[in-house]
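Bear in mind these aren't lab numbers, they're just calculated from the coordinates by the rules spelled out. Given the structure is predicted, the values throughout are model-derived calculations rather than measurements. Ideal geometry is used to build each Cβ from the backbone, glycine not excepted, and the neighbour counts take in all protein chains shown.
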Amino acid sequence: MTGLLLRAGAAVARRPSLWVTALRQWKRTTPAGWWRRRPFLPVPSADYLHFRLVTQYGSYDHPIDTADVLNYLTWCKRHDQAG
């Protein structure tokens, strides 16, 4: 998971137009009170990640493609601008 976060973070870092959207999505998917539960990091819950992976790839253990992360953030940005 750490490798994915670093690759995805590097990909987003090269796209300033997605920075605000990435921060917004990070805040939206970080559970309230994250500091009270392991791993004591502001990351999405395992249940949320499982849901996203199964709906995206059909399997929880499919490797995440950073291009898909960027496409997702682009979609979120358009959705936020439209609504």
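Footprinting exposure proxy ranking of THR55, THR21, THR29, fewest other C-beta atoms within 10 angstrom first, gives THR55, THR29, THR21.
Rounded to the nearest 20, the Cβ-based charge dipole of the chain about its Cα centre (Lys and Arg +1, Asp and Glu -1) stands at 360 debye. In this rough spin-label picture, where each label sits 7 Å from Cα along the Cβ direction, the THR66-ASP80 distance is 2.1 nm.
Remark: PHE40, PHE51 ranked as PHE40, PHE51, counting other beta-carbon atoms within 10 Å and listing the fewest first.
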